[in-house]
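Asker: Would you mind keeping the following structure in view while I ask a few things?
The values are calculated or read from the model by the stated rules, or taken from the named source; none is laboratory data. Everything quoted here is computed from the prediction, not taken from an experiment. Methodologically, a virtual Cβ is constructed for each residue, glycine included, from the backbone with ideal geometry; neighbour enumeration extends over all protein chains shown. Surface areas here come from the heavy atoms of the whole protein model, side chains and all, with no ligands, DNA or RNA. Shrake-Rupley method; radii C 1.70, N 1.55, O 1.52, S 1.80 Å.
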Amino acid sequence: MVLILGLLGCKRPPSNLLQGYVEGEFVYVSSPLGGKLTKLNVQRGAQVKAGDVLFALEDVAETAARDEASQRVQQAKNTLEDAKKGKRPTEIASLEAQLKQAREASALAEIEFARQLELTKSGAVAVDSTDQARSANVQNHKRVEQLEADLKTAALGMRSDAVAALEAEVKAREAALAKAAWDLSQKQQSAPQAGVVNDTLYRAGEMVAAGRPVVSLLPPANIKVRTFVPETRLTTLKVGDAVKVRLDGVAEALSAKVSFIAPQAEYTPPVIYSQENRSKLVFMVELRFDDAVAAKLHPGQPVDVEFAP
């Protein structure tokens, strides 16, 4: 009995070694558009670099929509350029020929009016003849002015507000083309960062719904260790502290740093805190590694975490 009481009265020396486990934050790669999976370029366990193509979906409809949008942009641009140019050269040449004829007719009418005016003064012709010559002369002058104005208008092209409307149409068609090109690009997805392929969730030939992951990646930067420290050790820890992590079968400890300390306890007794209950409080602590070290770890792997004394 004395021996038992003595053992109960002894306290175990504090240990800096805690249990923990490796956890991975997976990156699920999907397409915002659905379709049939035509190519799956990776397999489980494969190492990929950032930018490597992971999979491709059927893109017949998206390619056709992109090509149609491209043609509509070219059509809108051609219409705009045609509006800026004014009338065709043959139409302008026709107006120039009409203007030349009108000027010649105006010159003859002016000569005839002057001749009729002299004859009227001498009494050789009636006043009515002079009035007719005067009217013909005025009409020919007006005809020349009309054709000159028509020729200037033909060279100007469409009005500024009509040209502005066509320019807006070109921008709208270009935006539609950009959208169609983006849709097409989304039918093929690449690795957003380097890592290992954790799983492939579809096979080639299967239909993939929009937004459904096809490949899950585990980048080294997303591998961490979680452990739980008692409330009594919380005040001795801070983010950035160096920590040693030991793995089964590995003689040398791995170096890590504290990256996160939970602000709340993981377990709270259903009674008011007392000296006895405080020992039940634990706080989650996360550890991060350099990428080269993290690549050697596997989610679910048990580890021992050694904090500085």
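Asker: Would the stretch 68-191 count as rounded, prolate or oblate if I go by the C-alpha gyration tensor, calling it rounded below 1.5 in a/c and otherwise prolate when a/b exceeds b/c, oblate otherwise?
Answerer: In terms of gyration-tensor shape, prolate.
Asker: So which residue, out of Arg115, Arg203, Arg159, gets the largest mean-square fluctuation from a GNM of the chain using Cα contacts under 10 Å as springs?
Answerer: Per the Cα network of the chain with a 10 Å cutoff, Arg115 tops the list.
Asker: While we're here: How about the stretch 18-49: which trypsin sites (Lys or Arg not before Pro) there lie in a loop by DSSP and see at most 16 other Cβ atoms within 10 Å?
Answerer: Those that pass, being in a loop and sparsely packed, are Arg44, Lys49.
Asker: So which aspartates and glutamates can Lys179 reach, going by Cα to Cα under 20 Å and dropping same-chain residues fewer than 8 places off?
Answerer: Straight-distance partners of Lys179: Glu58, Asp59, Glu62, Asp67, Glu68, Glu167, Glu169.
Asker: Below 8 Å, C-alpha to C-alpha, sequence gap of six or more: please give me the relative contact order for the chain in percent.
Answerer: 33 percent
Asker: Counting helices only, and only those DSSP H runs with n ≥ 4, report the 222 nm mean residue ellipticity of the chain as the sum of -39,500 (n - 2.57) divided by its residues, in deg cm²/dmol to the nearest 500.
Answerer: -14500 deg cm²/dmol
Asker: Continuing with the same structure: Enter the angle in degrees (range 0 to 90, nearest 10) between the Cα long axis of helix 60-85 and the first principal axis of the Cα atoms of the chain, meaning the one along which they spread out most.
Answerer: 30 degrees
Asker: Helix 89-122: angle to the longest alpha-carbon principal axis of the chain, degrees 0 to 90, nearest 10?
Answerer: 30 degrees
Asker: Sticking with this structure for a sec: Taking the dipole about the Cα centre of the chain, with the C-beta of Lys and Arg at +1 and of Asp and Glu at -1, give me whichever of Val170, Leu147, Val196 is farthest to the positive side.
Answerer: Farthest towards the positive pole: Val196.
Asker: Then there is this: What residues qualify as long-range amide H neighbours of Thr38, i.e. H under 5 Å apart, gap of 5 or more or another chain, H built at 1.01 Å from N?
Answerer: Amide H to amide H, under 5 Å and 5 or more residues apart or across chains, Thr38 pairs with Ala56, Leu57, Glu58, Gly205.
Asker: Also: Excluding same-chain residues fewer than 8 positions from Lys257, which lysines have a Cα within less than 21 Å of its Cα?
Answerer: Cross-link targets: Lys224, Lys238, Lys244, Lys296.
Asker: Over the chain, average the accessible area per residue using a 1.4 Å probe and give it in Å², no decimals.
Answerer: Ligands and nucleic acids excluded, the result is 64 Å² per residue.
Asker: Also: Explain nothing, just compute: Karplus ³J(HN,Hα) = 6.51 cos²θ - 1.76 cosθ + 1.60, θ = phi - 60°, for every residue of the stretch 190-195 in order, whole Hz, x for Gly and Pro.
Answerer: 10, 5, x, 7, 6, x
Asker: Report the number of Lys pairs in the stretch 21-143 whose alpha-carbons are under 24 Å apart, with separation of 8 or more residues or on distinct chains.
Answerer: 7
Asker: Let me ask another. Which residues make up the longest stretch of the chain clear of GluC sites (Glu not before Pro) that lie in a DSSP loop with no more than 14 other Cβ atoms within 10 Å, not counting the sites?
Answerer: For GluC sites (Glu not before Pro) (loop position, at most 14 other Cβ atoms within 10 Å), the longest site-free span of the chain is 26-205.
Asker: For the stretch 230-245, what does the Karplus curve 6.51 cos²θ - 1.76 cosθ + 1.60, with θ = phi - 60°, yield as ³J(HN,Hα) per residue in whole Hz, taken in order and with x for Gly and Pro?
Answerer: Running phi through 6.51 cos²θ - 1.76 cosθ + 1.60 with θ = phi - 60° gives x, 4, 5, 8, 4, 6, 8, 10, 8, 4, x, 5, 7, 9, 9, 10 Hz.
Asker: Relative to the longest principal axis of the chain, what angle (0 to 90°, nearest 10) does the C-alpha long axis of helix 127-156 take?
Answerer: 20 degrees
Asker: Also, I was wondering about something else. Given a 1.4 angstrom probe, I'd like the percentage of the accessible area of the chain that is carbon and sulfur, rounded to a whole number.
Answerer: Within the chain, the accessible surface is 55 percent carbon and sulfur.
Asker: Towards the positive end of the charge dipole of the chain, with charges on Cβ (+1 Lys, Arg; -1 Asp, Glu), say which of Leu254, Leu217, His298 has the farthest Cα.
Answerer: It is Leu254.
Asker: Just checking my list (i) 1.54; (ii) 1.02; (iii) 1.06 against Rg/Rh (Cα atoms, Kirkwood Rh) computed from this structure; which label fits?
Answerer: Matching entry in (i) 1.54; (ii) 1.02; (iii) 1.06: (i).
Asker: Once amide H atoms are placed 1.01 Å from N in the peptide plane, what residues at a sequence separation of 5 or more from Gln301, or on another chain, have their amide H within under 5 Å of its amide H?
Answerer: For Gln301, whose amide H was placed from the backbone, the distant partners under 5 Å are Val22.
Asker: How large is ³J(HN,Hα), in whole Hz, for each residue of the stretch 38-50 in order, when computed from phi with the Karplus curve 6.51 cos²θ - 1.76 cosθ + 1.60 and θ = phi - 60°, using x for Gly and Pro?
Answerer: The phi angles translate into 9, 9, 10, 8, 10, 10, 4, x, 6, 8, 10, 9, 4 Hz.
Asker: Considering the dipole of the stretch 49-148 built from charges on the beta carbon (Lys and Arg +1, Asp and Glu -1) around the Cα centre, which of Ala83, Thr120, Ala56 is farthest to its positive end?
Answerer: Thr120
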